[in-house]
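Data block below; observations after.
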Amino acid sequence: MKQLLQNLGNGETLLAEVPCHRRGRNHLLIESAVSLVSLGTEKMLLDFGKGSLLAKARSQPDKVVEVLRKVKTDGLMTTVDAVRSKLDQPLALGYSNVGRVVESDATSRFQRGDRVVSNGPHAEMVCTPETLAALVPDGVSDEAAAFTVVGSIGLQGIRLIQPTLGERMVVMGLGLIGLMTVQMLRAHGCRVLGVDFDAEKLKLAASFGAETVNLKEGEDPVAAAEAWTAGAGVDGVIIAAATKSDEVVSQAATMCRKRGRIVLVGVVGLNLKRAEFYEKELSFQVSCSYGPGRYDPNYEAKGLDYPIGFVRWTEARNFEAVLRLMEEGKLDVASLISHRFDFEDALEAYEVVSSGKALGIVLRYGGEKREASDEKLVTTREGKLARTVSISASSAKGTGSGKPVIAVIGAGNFTTRTLLPALVGAEVRKKAVVSSGGVTGSYAAKKFGFESSSTDVDAVLSDSDIDAVLITTPHHTHARLVCQALEAGKHVFVEKPLALTLSEIDEVEAAAQRAPDKCLMLGFNRRFSPHIAAMKEGLRGTKGARAMILTMNAGAIPANHWTQDPEVGGGRILGEACHFIDLARYLAESPMTESKGQYLGGNDGRLGDCASIQLGFENGSTATVHYFSNGHKGYPKERLEVFCEEKIVACDNFRRTTGYGVKVKCKTRTQDKGHAAGVLAFLKSVKDGGEWPIPLGEILEVSRETVRLAEAFQR
């Protein structure tokens, strides 16, 4: 299928050939009929992508602070690599789609063939959560329905400002959202004053019953509002403009009556002047997208709807309300359409977006198919290149005999930034990358020279050519995929954790025992770091017990991050602290005899954010693992110290390792946590056989102890 993508690094817009999405639970697979280009949001992304690195930095000063901090702790090259990797990721464009359901859950309220609107991107097929979709009434056309999601953004702003019949409201900024907001306020029985620079948009607002202020002609919005209200001041202002200036908010505050309301829907400067708000006791609120549920993984990904008795207007119910207004003729969007393009010609649509001379741009799917070459270049007005290109396969296919044939399942940021670069130059045949959405897998396959990309895990596992799979999917899928891969006769490298529960570990152990000739390796990469090799060499020959202190200054992450979900990520002890538990086991060179921990607390329900873990080993060695999320970001993330027989070896953030009382010195230009060496050790084992890079017994031992600790902290 084809999909529109944006490269934020170089500003390229791509009409890319990618695999069709793999539908997940509580999701719909939809064949697109129409989608709407959101001029404001998408033009902002295009402009950001076309800017230089300096321009990007200036537009996000908060990110610059983070980058400088990372340079200080992790080093320049590591930071540069992280920034480039982030900008190189393709970004799906679009979020207002209409089509027909192709697949849904058996228990879904949506059936095959239903016409629905969703927040899906510009693509021939989209996959979206059920809670972000709504049925389109028979009386609403596909083109009209495509405005639903954009309209719901304005509707959510209206719900926050709580208009009442007869109130006077100002809408500042008359783009798509602003013009739809004008109409919906009129439907509420409000009088409306529209403010903009564009005469055509002002003319449309007037046709919807609004008074207008033309900024281009020098009209003063504050004076106009004062005259319009006979000096009383307006009841509320909805800001739907996009500008870096703080003046818009200041004008909104000045034109409001005492205890007036201001809601920000757009993006403006927010250096607020206290006196303007204090003296009138004004309320100011920022509206979040389409409404309650946005960015809540329980609502969007898991399909857990909010009860209507507690949350009357969710995202989906806002969609339905906008559609009803269209059906009743109270919301006119036909007059907002300025351009129509067949999806095959979508790159021409983005020339119009770049020009800024458009309003509602509709993309139509399913038209006449055109013969096209693999790559079609379109030069935009700014001289940038937009491309139609297949990113689903490499042009070169490896066929070397004796090389392990590998596939990668999962194509997230860690995979593309850390794992796959380790394969560059490796003696392997790279056959396939699998991802659930298709886009990230296609990007990874193209960039790292894989033969194909797919969204079909079963097809890859059943491919007899493939010798080994590397699994980098979300944590809750690891155990199941490991078992499937082993049963399919594949060698397996899986990122940590191995599993989320003890019963899952038992299942993996049983699967490994049924496939004794297949290597199972867990991504405990720090064992393979040159810094740890230097430590081991410095301690070689010592017979006394070792005392270890391992500290992870992990930093806080939001409570709703997927790793914090006990059913999906399992918490941070399982997902991150496991590295140092394994490292302690490796350095102790002895089985664990005890493990206990003190949970120091986590904010907002976080699982094991702050904990101190004590480990004991058969040979008398001890380890204390500090996993803290409450430290300062300016302090290095990881530190390791080993004390033994009047010797000390210390590793600072995997950049410098020093010995005291023993000759140990290791300094690397960048952080080297052993990722590349670990992957290459796995591939060598696949090719040559012999001992596994990490003994299965140690993998199971560390995994079980980590699960027990994580479960204890969750209680």
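Could you list, in sequence order, the residues of the range 491-503 that are surrounded by fewer than 23 Cβ atoms within 10 Å (Cβ to Cβ) and in contact with a Leu (Cβ under 8 Å, 6 or more places away or on another chain)?
Lys496
Gln671 passes all but one of (1) over 30 Å from Gln598 (Cβ atoms); (2) among the polar types (S, T, N, Q); (3) crowded, with 20+ Cβ neighbours inside 10 Å; which number fails?
If we test Gln671 against (1) over 30 Å from Gln598 (Cβ atoms); (2) among the polar types (S, T, N, Q); (3) crowded, with 20+ Cβ neighbours inside 10 Å, just (1) comes out false.
Could you tell me whether the range 165-183 includes any residue that is crowded, with 23+ Cβ neighbours inside 10 Å, of a type in the set (Gly, Ala, Ser) and at positive phi?
Among the residues of the range 165-183, at least one is crowded, with 23+ Cβ neighbours inside 10 Å, of a type in the set (Gly, Ala, Ser) and at positive phi, which makes the answer yes.
Tell me which residues, restricted to the range 88-126, are of a type outside the set (Lys, Arg) and without any contact (Cβ under 8 Å) to a residue 24 or more places away in the chain.
If the condition is that a residue be of a type outside the set (Lys, Arg) and without any contact (Cβ under 8 Å) to a residue 24 or more places away in the chain, then Ala106, Thr107, Gln111, Gly113, Asp114 are the ones that fit.
Please work out if Ser629 is over 24 Å from Ala547 (Cα atoms) and among the small types (Gly, Ala, Ser).
no
Hey, can you tell me all the residues within the range 202-241 that are of a type in the set (S, T, N, Q) and closer than 18 Å to Thr164 by Cβ?
The one that is of a type in the set (S, T, N, Q) and closer than 18 Å to Thr164 by Cβ: Thr229.
Scan the range 237-244 and give yes if some residue there is touching a residue at least 12 places away in the same chain (Cβ under 8 Å), under 18 Å from Gly175 (Cβ atoms), among the charged types (D, E, K, R) and in contact with a Gly (Cβ under 6 Å, 6 or more places away or on another chain), otherwise no.
yes
Restricting the search to the range 669-713, which residues are acidic (Asp, Glu) and either farther than 30 Å from Gly425 by Cβ or in contact with a helix residue (DSSP H, G or I) (Cβ under 9 Å, 6 or more places away or on another chain) (or both)?
If the condition is that a residue be acidic (Asp, Glu) and either farther than 30 Å from Gly425 by Cβ or in contact with a helix residue (DSSP H, G or I) (Cβ under 9 Å, 6 or more places away or on another chain) (or both), then Asp672, Glu691, Glu698, Glu701, Glu705, Glu711 are the ones that fit.
Determine if the range 590-606 includes at least one residue that is β-branched (Val, Ile, Thr), in a strand (DSSP E or B) and either within 23 Å of Ser529 (Cα to Cα) or modelled with pLDDT under 90 (or both).
No, the conditions are met nowhere in the range 590-606.
Among the residues of the range 669-681, what is the count of those that are touching a Pro at 6+ places or on another chain (Cβ under 8 Å) and in a helix (DSSP H, G or I)?
4
Which of the residues spanning the range 403-440 are assigned to a helix (DSSP H, G or I) and either small (Gly, Ala, Ser) or at pLDDT 95 or above (or both)?
Answer for the range 403-440, where residues must be assigned to a helix (DSSP H, G or I) and either small (Gly, Ala, Ser) or at pLDDT 95 or above (or both): just Ala422.
Residues of the range 682-715 being aliphatic (A, V, I, L, M) and in a helix (DSSP H, G or I), which ones?
Residues satisfying the conditions are Leu683, Val686, Leu696, Ile699, Leu700, Val702, Val707, Leu709, Ala710, Ala712.
Can you pull out every residue in the range 129-168 that is over 21 Å from Arg312 (Cβ atoms) and not in a loop (DSSP other than H, G, I, E, B)?
Asp142, Glu143, Ala144, Ala145, Val150, Arg168
Restricting to the range 188-227, what's the tally of residues that are under 19 Å from Lys357 (Cβ atoms) and among the aromatic types (Phe, Trp, Tyr)?
Counting residues in the range 188-227 that are under 19 Å from Lys357 (Cβ atoms) and among the aromatic types (Phe, Trp, Tyr) gives 1.
Name the residue that is modelled with the lowest pLDDT, counting only residues in the range 292-301 that are under 19 Å from Cys127 (Cβ atoms) and buried (at least 16 other Cβ atoms within 10 Å of the Cβ).
Ranking the qualifying residues of the range 292-301, first place goes to Ala301.
Six or more apart or on different chains, Cβ atoms under 6 Å: show the pairs whose first residue is in the range 319-345 and in the same structural domain as Asn97 (by TED's automatic domain parsing) and whose second is modelled with pLDDT of 95 or more and among the polar types (S, T, N, Q).
Between residues of the range 319-345 that are in the same structural domain as Asn97 (by TED's automatic domain parsing) and residues that are modelled with pLDDT of 95 or more and among the polar types (S, T, N, Q), the close pairs are Phe319/Thr148; Phe319/Ser152; Val322/Thr148; Val322/Ser152; Leu323/Thr148; Leu331/Gln183.
State the number of residues belonging to the range 179-226 that are among the charged types (D, E, K, R) and either more than 17 Å from Ala241 (Cβ to Cβ) or part of a helix (DSSP H, G or I) (or both).
9
Determine which member of the set Ala650, Ala611 is buried (at least 17 other Cβ atoms within 10 Å of the Cβ), without any contact (Cβ under 8 Å) to a residue 12 or more places away in the chain and either in contact with a helix residue (DSSP H, G or I) (Cβ under 7 Å, 6 or more places away or on another chain) or in the same structural domain as Gly555 (by TED's automatic domain parsing) (or both).
On inspection, the qualifying residue turns out to be Ala650.
Does Arg115 count as within 27 Å of His339 (Cβ to Cβ) and among the basic types (Lys, Arg)?
Yes.
The values are calculated or read from the model by the stated rules, or taken from the named source; none is laboratory data. Here the structure is a predicted model, which is why all the values come from computation and not from measurement. Glycine gets a Cβ as well: all are built from the backbone with ideal geometry, and neighbour counts include every protein chain shown.
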